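Structure first, commentary second.
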Amino acid sequence: MTGADVLIVGSGAAGLTAALNLADRFKVTVLAKGALNEGSTAWAQGGIAAVLEPGDTFENHVEDTMVAGAGLNDREIVEFVVENAPAAIERLQKLGVPFAQEGNALHLTREGGHSHRRIVHVDDATGWAVQEALQRAAEAHPNITLVPDQVAIDLATSRHEERYSGAGNVWGVYAVDRKSGHVNLYTARATILATGGAGRTYLFSTAPRGATGDGIAMAWRAGCRVSNMEMMQFHPTCLYNLDVKNFLITEAVRGEGGRLINPLNGHRFMVDYDPERLELAPRDVVARAIDAEIKRYGLDYVHLDISHQPADFVRGHFPNIYEKLIGLGIDMTVQPIPVVPAQHYTCGGIVVDRDGRTDLPGLYAAGECTESGLHGANRLASNSLLECFVFGEAAAQHIAAHWDALPPVPKIRPWDESRVADSDEEVVIKQNWTEIRRFMWNYVGIVRTTKRLQRAQHRIKMLTAEIEDYYGHFRVTPDLIELRNLLQTADLIVRSALHRHESRGLHYTLDWPETLETPVDTVLVP
């Protein structure tokens, strides 16, 4: 058993922000599922939204967020996050994040759904620069212990106490060590889940390999509510390439003038779907337009074309994308980029309040694994990293302010590793993983129907019995843990989608095409 004052599961923007805000006073342990920089933060290209341009206002940013979220957002939470954005940018600058400059000011770009230029960025690799700065600061702090290659299995709760208290507290997690294969117990008086989203529930996703909904599934099994899980965001422009998977073409390409073109007839088709906002419409609108165009004309992809801009401008703004595409034989300065939509962001998740608190005492959550009220039915571009910074800090502040009220950790039972044997049928895991991702893509994708959702639900029920039997009889492995969480997350997505009898934001169903007058969250209770 390894103890700390505060345990954080996840080493991305939310987790490391919380750790740095706690470490001057507390001993903090941060668990990473793989390498410390393998999470979604390092993959973020576009940037961070904040009101910094003359003429822009907090109210503008709030309204843009509410419009993108189709009114399902919590306005008080949106205001809270937006108003804290400039301070978050300032703190990142102090940590050494080299944001792009224009003269003596930050260079701001514009992305879909934004009424002003308000995206601070590090060229087209903002997430990597942020991850490096946060990780460097965390590694240098004597009170922060960073532990890679720890795959969390389940939360340690009051049910795992040697003398059951019945209080429902969370005392840490059980996690399997990738290298040794043994299960470790990590305990703490407060635990923060910063585990990212569930993009790998789908066949095509821009999310990293580890985005399997672990935190959401663990919190659900422990007794937390989840909300709006049907709101899975599909990024409109993922590179279409048979050899390279999951390479995102940032929204900023459209923000700087990129046009969506039908490759068959050369038509700029967004004029048919959203003639006022065109390519800068919110992501749900653009993704559905591309999906409709592909299905209508039998296309494999559409074109994103920014070749009308000066070549030096394109190379200067998108150096990493340019180099990646050149290596694939595509010169974006003179030819279009083939793109398709792909799952990109989990807008729903664990229900948290303004302080990052969940339903369980001692358990907090921040970032993509949560439903804070910020994103509503569709995340506004570049609000994701922002949420991580604001809620990572908010959770840390609440823990610090209420530390004396957190009870000491009782005696927790270790994981029983003698109860199961090794499996000689690992192929079962691979088969079920592929099946889940494929039927989620086909039945629970950009456009849905009740019949498709019911088909997905039927397959989930069959797989649940099979995977539970497998989990109960064989030693846990990282792949088995992820499979279990993928299936649990898929079930929550489908159940939530069947509960919503309207089309709103990212949830578009042919059986309920109208949007109800009053927005209502889809809340599932264990």
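The values are calculated or read from the model by the stated rules, or taken from the named source; none is laboratory data. Computed from a predicted structure; not experimentally measured. Neighbour counts run over all protein chains shown; Cβ positions are idealised from the backbone, glycine included. These accessible areas exclude ligands, DNA and RNA; they are computed on the full protein's heavy atoms, side chains included. Shrake-Rupley method; radii C 1.70, N 1.55, O 1.52, S 1.80 Å.
Key figures for this structure:
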quantity	calculated
Enumeration of residues in the stretch 97-122 that are under 23 Å from the mean Cα position of the chain (by Cα) and open to solvent by less than 70 Å² (accessible area, probe 1.4 Å)	Val97, Phe99, Thr109, Glu111, Gly112, Gly113, His114, Arg118, Ile119, Val120, His121, Val122
Failed criterion for Val151 (all others in (1) over 30 Å from Val286 (Cα atoms); (2) open to solvent by 10 Å² or more (accessible area, probe 1.4 Å) hold)	(2)
Matching residues, the stretch 66-96, being open to solvent by 20 Å² or more (accessible area, probe 1.4 Å) and among the hydrophobic types (A, V, I, L, M, F, W, C)	Met66, Val67, Ala70, Phe80, Ala87, Leu95
Selection count where residues are open to solvent by 10 Å² or more (accessible area, probe 1.4 Å), in contact with a Phe, Trp or Tyr (Cβ under 9 Å, 6 or more places away or on another chain) and assigned to a strand (DSSP E or B), scope the stretch 517-526	0
Residues of the stretch 155-171 classified as open to solvent by 60 Å² or more (accessible area, probe 1.4 Å) and modelled with pLDDT of 90 or more, total	1
Restricting the stretch 245-288 to residues that are among the aromatic types (Phe, Trp, Tyr) and in contact with a strand residue (DSSP E or B) (Cβ under 8 Å, 6 or more places away or on another chain), the residue that is farthest from Ser205 (Cα to Cα)	Phe269
Index of the failed condition, Pro341 passing every other in (1) out of contact with any helix residue (DSSP H, G or I) (no Cβ under 8 Å at 6 or more places or on another chain); (2) touching a residue at least 12 places away in the same chain (Cβ under 8 Å); (3) not hydroxyl-bearing (Ser, Thr, Tyr)	(1)
Within the stretch 448-483, tally of residues that are more than 21 Å from His499 (Cβ to Cβ), open to solvent by 50 Å² or more (accessible area, probe 1.4 Å) and charged (D, E, K, R)	5
Filter result (β-branched (Val, Ile, Thr) and surrounded by fewer than 17 Cβ atoms within 10 Å (Cβ to Cβ)) within the stretch 484-516	Thr515
Every pair of residues 6+ apart whose Cβ atoms lie under 7 Å, when the first sits in the stretch 118-143 and is among the basic types (Lys, Arg) while the second is at pLDDT 95 or above and in a helix (DSSP H, G or I)	Arg118/His61
Thr237 being among the β-branched types (Val, Ile, Thr), assigned to a strand (DSSP E or B) and surrounded by 23 or more Cβ atoms within 10 Å (Cβ to Cβ)	yes
Of all residues making up the stretch 188-205, the number that are open to solvent by less than 10 Å² (accessible area, probe 1.4 Å) and either among the polar types (S, T, N, Q) or within 10 Å of the chain's Cα centre (by Cα) (or both)	6
Selection from the stretch 386-436 of residues that are under 30 Å from Gly356 (Cα atoms), of a type outside the set (A, V, I, L, M, F, W, C) and either open to solvent by 50 Å² or more (accessible area, probe 1.4 Å) or within 25 Å of the chain's Cα centre (by Cα) (or both)	Glu387, Gly392, Glu393, Gln397, His398, His402, Asp404, Pro407, Pro408, Lys411, Arg413, Pro414
Any hit, the stretch 4-12, residues being buried (at least 21 other Cβ atoms within 10 Å of the Cβ), at pLDDT 95 or above, closer than 28 Å to Val253 by Cα and not polar (S, T, N, Q)	yes
Residues being part of a helix (DSSP H, G or I), surrounded by fewer than 24 Cβ atoms within 10 Å (Cβ to Cβ) and under 19 Å from the mean Cα position of the chain (by Cα) - total across the stretch 16-65	2
Residues that are over 16 Å from the mean Cα position of the chain (by Cα) and open to solvent by less than 20 Å² (accessible area, probe 1.4 Å), drawn from the stretch 220-234	Ala222, Cys224
Selection within the stretch 299-342 - among the charged types (D, E, K, R) and either on the phi > 0 side of the Ramachandran plot or part of a loop (DSSP other than H, G, I, E, B) (or both)	Asp300, Asp331
Residue ranges of strands (runs of 3 or more DSSP E) in the stretch 128-216 with at least 3 members more than 20 Å from Pro414 (Cα to Cα)	144-147
Lone qualifier among Gly316, Gly348 - being touching a Leu at 6+ places or on another chain (Cβ under 9 Å) and either open to solvent by less than 50 Å² (accessible area, probe 1.4 Å) or modelled with pLDDT of 95 or more (or both)	Gly348
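Residues are listed down the side, and each one gets a yes or a no for (1) within 26 Å of Gly181 (Cβ to Cβ); (2) touching a helix residue (DSSP H, G or I) at 6+ places or on another chain (Cβ under 8 Å):
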| site | (1), (2) |
| --- | --- |
| Ile436 | yes, yes |
| Trp441 | no, no |
| Val476 | yes, no |
| His499 | no, no |
